[in-house]
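Following: one structure in structure tokens, then a few remarks.
Derivation of every value follows stated rules applied to the coordinates shown; laboratory data play no part. Predicted model only: the values in this text are computed from it and were never measured. Using ideal geometry, Cβ is built from the backbone for each residue, glycine included, and neighbour counts are taken over all protein chains shown.
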Amino acid sequence: MRYVDAVPSAWAARSLADAAPGPFWLDDPARPEPHPPLAGSTTADLVVVGGGYTGLWTALRATEREPGRDVLLVEGRSVAWAASGRNGGFVAASLTQGEANGSSRFPDEMDVLRRLGRDNLDAIEAAVDRYGIDAELERTGALDVATEEHQVEALRAEAGPDDRFLDTTAVRDEIDSPMFLAGLWSPDTALVHPAKLAWGLRRACLDRGVRVVEGTVARDLHRDGRHVVVRTDGGEVRARQAVLATNAFPSLLRRVRHFVVPVYDYVLMTRPLSAPERASVGWAHRQGLGDVANQFHYSRLTADGRILWGGYDAVYHPGGRVRRAYEHREQTYLRLAEHFRMTFPQLEDVTFTHRWGGVIDTCSRFMPFFGTAHGGAVAYAAGFTGLGVASTRFAADVVLDLLSGEATERTRLEMVRSMPLPFPPEPLATPVIGLTRWSLDRADRSQGRRNAWLRLLDTVGAGFDS
Ligand SMILES: Cc1cc2nc3c(=O)[nH]c(=O)nc-3n(C[C@H](O)[C@H](O)[C@H](O)COP(=O)(O)OP(=O)(O)OC[C@H]3O[C@@H](n4cnc5c(N)ncnc54)[C@H](O)[C@@H]3O)c2cc1C
């Protein structure tokens with residue numbers, strides 16, 4: 001049985017019957033009360049727009065790099081309500097969405113990018129330690145699995161010196177699934193409770209004197225003499241510098257909008273497994289789990305013994321808007337539930353307690369891009385494409401480097417100096433992305449063979465991912 005052929009059964013519907021609509025991670029008593037919105041006018045040395053990981057790390061790093069710096073963080077709703085509070089919690093060392101994607105684009109700087117990525121992961125662990133953040137961080141590594149024959153050799157070929165290739169018996173000894181044919185266990189990934197990481201960073205920012213306003217949408221940004229002015233509904237901020245950390249949401253800089261499309265990704269969370277249920281699966285090393293198809297699943301255990309199961313469908317909604325209504329998609333939940341049952345048939349009594357979706361800032365090269373505007377007084381980072389839990393911290397240092405005007409090892413990187421190919425505007429974006437998704441699905445159905453359209457995209461260095 002293959003995932004591409006699955007048809008949701010009555011079991012899938014039953015397993016979802018009591019699943020609450022909303023992220024498991026945000027359904028937690030540790031969720032802080034949001035701060036009041038900005039009222040009136042204020043000044044700051046640095047204003048950061050966006051209260052996800054990118055904005056939080058930027059604010060925190062700004063005060064670490066320059067203690068006492070006057071930083072104001074402006075969040076439209078509440079810190080971590082968006083991707084940063086609803087992701088899978090995989091904290092990957094890769095800054096390039098994997099080795100293959102990085103080496104194909106920046107072969108000459110992969111050694112540096114690998115080192116910077118590992119240092120970045122270590123620095124996240126160190127910060128979690130230093131600020132006493134209870135983010136449930138575990139350095140488990142990641143286990144990529146082949147679920148189709150043609151993926152096995154590709155996985156073996158990808159194995160780096162620190163990775164362990166697992167054949168069918170060995171991979172099932174780790175995590176018991178009839179779907180798994182081989183695995184690659186790599187060490188450079190940790191897992192976190194995503195929302196607790198963000199809330200902990202918020203606390204650390206506050207402790208270092210960062211002012212945080214929530215429920216405050218930045219409507220407009222312009223330059224007025226030596227100041228950058230950010231206008232909100234309730235007032236304005238005049239600052240020497242600004243960082244835009246708004247991810248998949250429309251950028252306050254129009255020209256950045258062409259480089260990102262909002263793509264929705266969906267997730268299920270099970271109830272906690274009983275001891276016998278857990279024993280039937282194994283998973284003693286608690287790795288972050290993912291398969292390697294174009295349309296891939298990701299999965300992991302939580303601290304209280306649930307299984308998170310997400311991915312596969314990556315949905316672009318015609319018009320390219322970010323909307324609350326897109327945060328749920330019944331057909332995707334049913335498909336995911338059915339795929340879960342195929343993966344873990346021994347867990348047929350296990351039901352789901354939460355279901356949710358979140359928006360990803362897909363760019364055509366699947367890794368963040370950076371830039372400045374308004375004479376170097378404004379910097380931005382976006383385009384994390386579903387792998388930003390760790391690389392947002394790296395991005396924070398890049399945008400602060402860019403604002404400082406000093407060349408650093410980071411700002412000299414081609415990866416930082418170059419931009420991805422832009423997406424075509426609507427109404428062209430919908431059919432182009434539709435054709436790409438259809439082609440990826442076809443490739444998954446035919447031993448990974450890429451059709452002429454995907455080969456053309458490969459040639460120009462563009463693509464679509466989540
Ligand atoms: C379902 C899902 C699973 C994922 N799984 C993983 C994973 O396992 N590992 C991984 O590395 N990555 C994963 N990701 C991606 C990762 O979550 C993101 O890359 C990361 O959280 C991006 O952080 P951010 O701060 O840039 O964006 P966000 O967390 O989206 O924050 C942006 C913030 O900006 C605010 N904002 C936007 N516009 C304005 C404005 N004009 N004024 C004020 N505020 C504004 C928004 O309200 C929002 O809070 C996943 C994403 C999703 C959705």
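Side notes on the structure shown:
- Across the chain, the relative contact order, built from alpha-carbon pairs under 8 Å that are at least six residues apart, equals 23 percent.
- Within the chain, the ratio Rg/Rh, alpha carbon atoms throughout and Rh by Kirkwood, equals 0.95.
- Segment 188-230 - Debye-derived log10 I(q)/I(0), Cα point model, q = 0.16, 0.28, 0.32 Å⁻¹: -0.69, -0.97, -1.03
- Nearest-ten-degree value, helix 149-158 long axis tilted from longest Cα axis of the chain: 50 degrees
- Fully extending the segment from Ser103 to Glu66, taken as 0.36 nm per residue of separation minus the present Cα-Cα distance, adds 9.9 nm.
- Normalising by residue count, segment 308-413 has a Cα convex hull of 153 Å³ per residue.
- Net charge over other residues, Cβ less than 12 angstrom from the Cβ of Thr392 (K, R count +1; D, E count -1): 0
- Against the chain, whose longest principal axis is taken from its Cα atoms, helix 194-207 shows a tilt of about 20°.
- Gain on full extension, evaluated as 0.36 nm per residue between Arg255 and Thr408 minus their Cα-Cα distance, stands at 52.6 nm.
- The equivalent ellipsoid that matches the C-alpha gyration tensor of segment 15-72 spans semi-axes of 33, 15, 10 angstrom, in descending order.
- Figure legend: label point modelled 7 angstrom from the Cα of Arg219 along Cα→Cβ; residues of segment 236-269 with amide N under 19 Å from it are 236-239, 250-254.
- Principal axis box of segment 63-105, alpha-carbon based, largest edge first, Å: 40, 28, 16
- FRET efficiency, Gln447 to Ser41 (Cβ-Cβ, R0 60 Å, nearest 0.05): 0.45
- Computed over neighbours whose Cβ is under 10 Å from that of Ala44, the net charge equals +2, Lys and Arg +1, Asp and Glu -1.
- Taking other C-beta atoms within 10 angstrom as a stand-in for reagent exposure, Ile360, Ile175 fall in the order Ile175, Ile360, fewest first.
- Taking label positions 7 Å along the Cα-Cβ direction at both Asp28 and Glu330, the computed distance is 3.1 nm, reported to one decimal.
- When the convex hull of its Cα atoms is projected in every direction, mean area for segment 121-235 (nm²): 12.5 nm²
- Rounded to the nearest 20, the Cβ-based charge dipole of segment 336-466 about its Cα centre (Lys and Arg +1, Asp and Glu -1) stands at 380 debye.
- With the convex hull of its Cα atoms as the shape, segment 194-280 has an orientation-averaged projected area of 9.9 nm².
- Within segment 6-98, chymotrypsin sites (Phe, Trp or Tyr not before Pro) in DSSP loop having at most 10 other beta-carbon neighbours inside 10 Å: none
- When the charge dipole of segment 331-466 is built from unit charges on Cβ atoms (+1 for Lys and Arg, -1 for Asp and Glu) and taken about the Cα centre, the candidate among Thr408, Leu336, Phe369 whose Cα reaches farthest toward its positive end is Leu336.
- Here is the tail figure for segment 88-131: Cα pairs spaced more than 12 Å apart come to 61 percent of all pairs.
- Spin-label proximity, Asp119 to segment 59-83 - amide N less than 20 Å from point 7 Å beyond Cα toward beta carbon: 59-67
- Degrees, to the nearest 10: 110-130 long Cα axis against longest axis of the chain: 80 degrees
- Sorted peptide list for 332-343, 441-452, criterion being average Cβ within 10 angstrom, highest first: 332-343, 441-452
- Charge dipole (Cα centre; +1 on Lys/Arg Cβ, -1 on Asp/Glu Cβ; no other charges) of the chain amounts to roughly 1400 debye.
- FRET efficiency for the Arg226 to Ala20 pair, using the beta carbon distance and R₀ = 41 Å, is estimated at 0.25.
- Span from the segment 353-405 Cα centroid across to the segment 95-123 one, whole angstrom: 16 Å
- Residues in segment 395-424 that a label on Arg240 would reach, taking backbone N under 15 Å of a point 7 Å out along Cα→Cβ: 400-406
- Electrostatic dipole magnitude of segment 26-109 [Cβ: Lys, Arg +1; Asp, Glu -1; Cα centre; debye, to 20]: 160 debye
- The eigenvalues of the Cα gyration tensor, multiplied by 5 and square-rooted, give segment 281-337 an equivalent ellipsoid with semi-axes of 27, 13, 10 Å from largest to smallest.
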